[in-house]
Every structure is written in C-alpha cells, then in structure tokens.
Amino acid sequence: MYRVQKILSMLGVLSRRECEKNIIKGLVKVNNVIATLGTKVKIGDLITFNKTQYAVSSAMFNSKIEILVYHKPCGEIVTSNDNANRKTVFERLPDIDGKWINIGRLDLETSGLLLFTNNGDIANKMMHPSSNISRKYEVIIKGSFNDIKKEQCIKGLDIGMSEIGKFNSISACKLTPNKYTITLKTGKNREVRRVFRSIGCTVIKLKRIQYDNIKLNNLLVGEYR
C-alpha cells in the first residue's frame with residue numbers, strides 16, 4: 001500500500017508537496033472519502049482530485065520509466081492546454097501510456113533542450129533545488145558587458161520579486177561577438193533574461209544546450225530522442 005500523495009506524484013498530477021496541501025484542504029478523496037495525510041491506497045481504489053478520478057492499478061507500478069529529450073523551437077509554449085491557441089510542446093511528442101510530464105520549462109522565445117518523463121517522482125526530483133542540477137545555455141546579448149558585470153552575475157543580483165539570480169559560470173564565444181555560454185543551478189522563472197536585464201543588457205537569443213549530464217548535441221529543432 002502507498003500513501004495517496006505518492007500515487008498522485010507518480011502520475012504527475014501533483015508534486016508531493018502540492019498534494020499534501022490539497023489533502024489538508026480536503027480536496028483529495030479516496031473511494032469518495034476525504035483523504036488525510038496518512039491515507040494509503042491499494043490496487044482497485046479510486047482517487048479523486050479536481051473532479052477527475054484515478055484508478056489505482058498494478059500497471060502504475062510496473063510501467064516502464066521513460067525520459068525524452070526534445071529540441072524545443074521558439075514559439076512553442078510549455079503547457080498541455082493554452083487558452084490563446086498557441087502551439088504547445090506536447091503536440092510533437094510520441095504517444096505513451098500515461099502522460100508526459102515536462103521537467104522544468106522554457107519560455108516562449110527560448111529554444112533548446114527540454115526534458116520529459118512519464119514518472120512524476122523523477123520529474124519532481126530533477127526540478128527540485130535540492131538536487132543542485134546544472135543547466136547550460138548559449139545566449140546572445142545586446143548591451144555593454146565587462147568583467148565587472150560578469151562578476152556581479154556570478155556573485156548574484158536582485159532580479160525583482162524578492163529573488164536573487166546568479167550564474168555559476170560565464171564564458172565568451174571567441175567566434176561570435178556578444179555570445180556567451182552560461183551555467184546556473186537554479187530554475188527561477190526567466191532567470192537568465194532577468195539577470196542580464198538587471199545589468200542593463202538585453203537577451204536577443206537564448207538556447208538551453210545541457211541539463212545535468214544530458215546534452216542537446218545534434219538533435220534537430222522540433223525532434224526528440
């Protein structure tokens with residue numbers, strides 16, 4: 001038997017922390033009974049959340065774990081449903097038992113490596129700050145950038161919303177002016193763009209090329225492996 005929050009996390013419905021918050025609010029039911037933090041489920045039980053029922057089955061525990069690398073183009077949004085009818089990253093992905101869960105996000109105008117899995121526990125682990133996972137980007141900027149500003153970016157800057165943004169490393173591309181390779185270990189919303197903005201620079205092009213030890217390599221735009 002497993003705690004209800006583990007099952008919803010495995011399915012990618014909620015992270016464990018989100019699930020616990022919703023259980024406390026009385027928004028999760030097991031077999032039509034309001035769940036508590038200690039509620040456990042077994043095969044055959046029904047979990048209800050947000051008007052959707054999830055049947056606990058043996059397939060949940062025996063399914064093959066999948067991880068997919070996708071080369072996201074600019075102009076695609078990282079969501080399964082978009083009210084503005086924009087293209088989403090999920091439209092190009094292959095069918096799978098269960099559903100694909102995106103590991104982190106890239107904003108609309110950022111391209112590059114985006115990871116997906118069918119296992120919520122893995123997704124949550126790879127996104128959580130405690131995992132200390134490094135991300136690497138290629139960025140082209142507009143504006144004056146010097147050693148003083150580089151040091152500020154590595155030391156950490158106020159990027160608004162009571163958040164500090166920082167890079168772990170910055171190296172210039174010798175062949176292309178204003179192009180840099182940067183690494184960072186935090187995943188704050190639009191962090192790269194906000195850090196450069198705080199020093200008076202504008203990001204013209206941004207592409208993620210690596211997540212932990214997983215590299216984009218020669219994967220073509222819009223394709224996956």
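Observations on the structure shown:
- Here segment 156-171 is the region considered, the condition is being surrounded by 13 or more Cβ atoms within 10 Å (Cβ to Cβ) and among the aliphatic types (A, V, I, L, M), and the residue that is farthest from ARG190 (Cα to Cα) is ILE170.
- Qualifying residue in segment 99-118 (condition: open to solvent by 30 Å² or more (accessible area, probe 1.4 Å), in contact with a strand residue (DSSP E or B) (Cβ under 8 Å, 6 or more places away or on another chain), of a type in the set (Val, Ile, Thr) and at pLDDT 95 or above): no
- Listed by position, the strands (runs of 3 or more DSSP E) contained in segment 44-89 that have at least 3 residues being surrounded by 15 or more Cβ atoms within 10 Å (Cβ to Cβ) and touching a residue at least 40 places away in the same chain (Cβ under 8 Å) are 67-72.
- Boolean, ARG208 is open to solvent by less than 50 Å² (accessible area, probe 1.4 Å) and basic (Lys, Arg): yes
- Check on LEU8, assigned to a loop (DSSP other than H, G, I, E, B) and surrounded by 13 or more Cβ atoms within 10 Å (Cβ to Cβ): no
- Breaking point among (1) polar (S, T, N, Q); (2) loosely packed, with under 13 Cβ neighbours inside 10 Å; (3) farther than 30 Å from ARG86 by Cα, for THR39: (2)
- When segment 11-36 is limited to residues that are small (Gly, Ala, Ser) and over 15 Å from ILE122 (Cα atoms), the one that is surrounded by the most Cβ atoms within 10 Å (Cβ to Cβ) turns out to be ALA35.
- Matching residues, segment 127-140, being in contact with a Gly (Cβ under 9 Å, 6 or more places away or on another chain) and either within 26 Å of LEU175 (Cα to Cα) or crowded, with 19+ Cβ neighbours inside 10 Å (or both): ILE133, ARG135, TYR137, GLU138
- Among residues of segment 149-178 that are free of Cβ contacts under 8 Å to residues at least 24 places away in the same chain, those with a beta-carbon under 8 Å from a residue that is in a loop (DSSP other than H, G, I, E, B) and open to solvent by 60 Å² or more (accessible area, probe 1.4 Å) at least six positions away or on a different chain give the pairs ILE154/LYS166; ILE154/ASN168; LYS155/LYS166; GLY156/LYS166.
- Checking each residue in segment 96-123 for being in a helix (DSSP H, G or I) and free of Cβ contacts under 8 Å to residues at least 60 places away in the same chain picks out only ILE122.
- Candidate set from segment 1-43 (those that are touching a residue at least 40 places away in the same chain (Cβ under 8 Å) and of a type in the set (Gly, Ala, Ser)); member that is farthest from TRP100 (Cα to Cα): SER15
- Selected residue (only one of GLY187, GLY200 is closer than 29 Å to GLY12 by Cβ and part of a loop (DSSP other than H, G, I, E, B)): GLY187
- Flag if LEU219 is among the hydrophobic types (A, V, I, L, M, F, W, C), in contact with a Ser or Thr (Cβ under 6 Å, 6 or more places away or on another chain) and open to solvent by less than 30 Å² (accessible area, probe 1.4 Å): no
The values are calculated or read from the model by the stated rules, or taken from the named source; none is laboratory data. Because the structure is predicted, anything quoted here is derived from the model rather than measured. Reconstructed Cβ throughout: ideal geometry from the backbone, glycine too, with neighbour counts over all protein chains shown. In case anyone asks, the SASA skips ligands and DNA or RNA and just uses the protein heavy atoms, side chains included. Shrake-Rupley method; radii C 1.70, N 1.55, O 1.52, S 1.80 Å.
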